[in-house]
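The values are calculated or read from the model by the stated rules, or taken from the named source; none is laboratory data. Predicted, not measured: the structure shown is a model, and the values here were computed from it. FYI the Cβ positions are ideal-geometry reconstructions off the backbone, even for glycines, and counts take in every protein chain you see.
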Amino acid sequence: MQTHPKHYCGVFGIYGHPNAAQLTCYGLYALQHRGQESAGIVTFNNGRFREHRGMGLVSQIFNDELLARLSGTTAIGHTRYSTTGSSHIRNAQPLTGNCRLGYIAVAHNGNLTNATKIRDELEAQGLMFQTSVDSEIILNLLAQPTLRGNDNNLIETVRRIQGAYSLAILTERELIGVRDPHGFRPLSIGKLGDAYVLASETCAFDLINADFVRDVEPGEIVIIDKNGLRSVQAFPEHERRAFCIFEYVYFARPDSTIANRTVYKVRVEMGRQLAREHPVEADLVIPVPDSGNCAALGYSLESGIPYEMAFVRNHYVGRSFLQPSQTIRDLDVRVKLNLIKGLVKGRRVIVVDDSIVRGTTSKSRVNHLKEAGAKEVHVMVSCPPHKNPCFYGIDFPDRKKLLAVNHSLEEIRQFLGANSLSYLSEEGMVKATGLPKSSFCMACYDGNYPVHYDATVDKHIMERRSAMAAGLGEELAREELQTKLL
């Protein structure tokens, strides 16, 4: 039973350093929050790729002996949480392949909205896929023949795929970073001495003592080789920007910098804005750690109400799972966060969290506070209600499973058992970033999707695959699909 939405993954790359694998491992440590399901590193040295992937946390997969075998001066790494493709070692990244261009390795953060359609076309051409992740489509497209050189092959690939993608690509000659034209997911460039570094977040640069250079621009391809860094804009006429605002709300680490704004400061400002919009008389403000820490601090600073860390997080608990008993599910929540009862007994409490998606864990926390003797419990959320699914790399459930879709604010308050419930407005959330609303994708709040996703086509293609698997012929299955599409 997850307490927050899960992210797709994080990518890291380094070119021109003798300890490339070790530094990539440290970079993945810094990006562990973006994916805790699997991780992998691929290096290149003296004409040979070396790779290792595993299930679990970075610390469980890599050790000094293994990293020593991943020799090379160039490497890419990936840490994964699945939103497309099952949780299986074959889907762990980076993905590697051998084609006419030589060896290629790809690490992908994001989600392709036209993945099923392209995969269907490639399979019809006779290509075989080894995984169930959309990232393998990118690898196969890069391997397609071209008459106009490698750069054009890459440009053609990124122009064909749609949706969210920040990529780290390793070839025998270069390290490449790519960001989709909307800029859904972050990707930054750093420098460590003469070596170049790519990372999903700048906190990875801090850990290895690299200097932040700049963000990769939306639609930009950066190519790093022995001659340095050069840039190609694959979408020179594209103007629409759609950075995922939930990166500021929850996903990114607070010590990262995105678009020249420190995530920590943005979250504190969200808390301040929440206090301006929804003042409440109370005795203390407490966060739901760790995601609510910054916003709760901002609420406290703006309101003047004292801040206390009444919930203590157990950092040794991994991702929990759905239990058959409600009693056990409640214990599953409490094992992650224990309450210091003496801080809340007989007091009016404001509890601040970054989001409420399904509401089950929030309800358990309110019950916990009331059982501990809290006189009042006021729930404050530092973003608006989620009312739409995400197709760009966040595992928001389908719309009917989102609490705010099917229930009014008052109904949600009653479900939680809180004395009051307040969400930060869309305007307040955007204002806290200091950027214009046109910079962001806010589809999970307002339903305005920057890139079209046709679930109907995906459904028909999957139905045809199921028919083929059941023994129907390729010709009949395609004929049925064509009839449905018409």
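Among the candidates A210, A204, single out the residue that is in the same structural domain as C25 (by TED's automatic domain parsing), closer than 17 Å to V11 by Cα, surrounded by 22 or more Cβ atoms within 10 Å (Cβ to Cβ) and touching a residue at least 24 places away in the same chain (Cβ under 8 Å). Walk me through how you get there before you give the answer.
Numbers: A210 fails: touching a residue at least 24 places away in the same chain (Cβ under 8 Å).
After applying the criteria, what remains is A204.
Taken across the range 272-290, residues that are over 29 Å from D398 (Cβ atoms), at pLDDT 95 or above, touching a Pro at 6+ places or on another chain (Cβ under 9 Å) and surrounded by 18 or more Cβ atoms within 10 Å (Cβ to Cβ) do occur, with at least one present.
Answer with yes or no whether F184 is touching a helix residue (DSSP H, G or I) at 6+ places or on another chain (Cβ under 6 Å) and of a type outside the set (G, A, S). Can you show your working first?
Numbers: touching a helix residue (DSSP H, G or I) at 6+ places or on another chain (Cβ under 6 Å): no; of a type outside the set (G, A, S): yes.
Answer is no for this residue.
One residue stands out in the range 392-435 among those that are surrounded by 19 or more Cβ atoms within 10 Å (Cβ to Cβ) and touching a Gly at 6+ places or on another chain (Cβ under 7 Å): the one that is modelled with the lowest pLDDT, namely G393. Taking the criterion of being part of a loop (DSSP other than H, G, I, E, B), closer than 18 Å to A168 by Cβ and modelled with pLDDT of 85 or more, the residues of the range 67-108 that qualify are L70, G72, T73, A92, Q93, P94.
Report yes if some residue within the range 370-379 is without any contact (Cβ under 8 Å) to a residue 40 or more places away in the chain, over 30 Å from R241 (Cβ atoms) and buried (at least 21 other Cβ atoms within 10 Å of the Cβ); otherwise report no. Checking the range 370-379: at least one residue is without any contact (Cβ under 8 Å) to a residue 40 or more places away in the chain, over 30 Å from R241 (Cβ atoms) and buried (at least 21 other Cβ atoms within 10 Å of the Cβ). For beta carbons closer than 7 Å, sequence separation of 6+ or different chains, a first residue in the range 162-173 that is in contact (Cβ under 8 Å) with a residue 60 or more places away in the chain and a second that is among the basic types (K, R), the qualifying pairs are A164/R185; S166/R179; S166/R185.
Restricting to the range 171-187, count the residues that are part of a strand (DSSP E or B) and surrounded by fewer than 24 Cβ atoms within 10 Å (Cβ to Cβ).
1
Using the structure shown, decide if A39 is touching a residue at least 24 places away in the same chain (Cβ under 8 Å) and either among the basic types (K, R) or assigned to a helix (DSSP H, G or I) (or both). In short, no. Would you mind stating whether A242 is within 15 Å of V430 (Cα to Cα) and surrounded by fewer than 19 Cβ atoms within 10 Å (Cβ to Cβ)? Criteria not met by A242. In the range 301-333, of all residues being of a type in the set (D, E, K, R) and surrounded by fewer than 16 Cβ atoms within 10 Å (Cβ to Cβ), the one that is modelled with the lowest pLDDT corresponds to R319.
If you take the residues of the range 334-343 that are modelled with pLDDT of 85 or more and out of contact with any helix residue (DSSP H, G or I) (no Cβ under 6 Å at 6 or more places or on another chain), which of them is surrounded by the fewest Cβ atoms within 10 Å (Cβ to Cβ)? Restricting to residues being modelled with pLDDT of 85 or more and out of contact with any helix residue (DSSP H, G or I) (no Cβ under 6 Å at 6 or more places or on another chain), the top hit is G342.
Counting just the residues of the range 47-66 that are part of a loop (DSSP other than H, G, I, E, B) and touching a residue at least 12 places away in the same chain (Cβ under 8 Å), which one comes out farthest from Q93 (Cα to Cα)? Only one residue fits best here, namely G47. Looking only at the range 151-161, which residues are part of a helix (DSSP H, G or I) and touching a residue at least 40 places away in the same chain (Cβ under 8 Å)? Matches in the range 151-161: D151, N153, L154, I155, V158, R159, R160. Restricting the first member to the range 276-288 and to residues that are closer than 16 Å to E308 by Cα, and the second to residues that are surrounded by fewer than 14 Cβ atoms within 10 Å (Cβ to Cβ), the beta-carbon pairs closer than 8 Å and six or more apart or on different chains are D283/P306; L284/P306; V285/P306; I286/M309; P287/M309. The residues in the range 45-65 that are under 23 Å from R34 (Cα atoms) and surrounded by 14 or more Cβ atoms within 10 Å (Cβ to Cβ) can be counted, and the count is 9.
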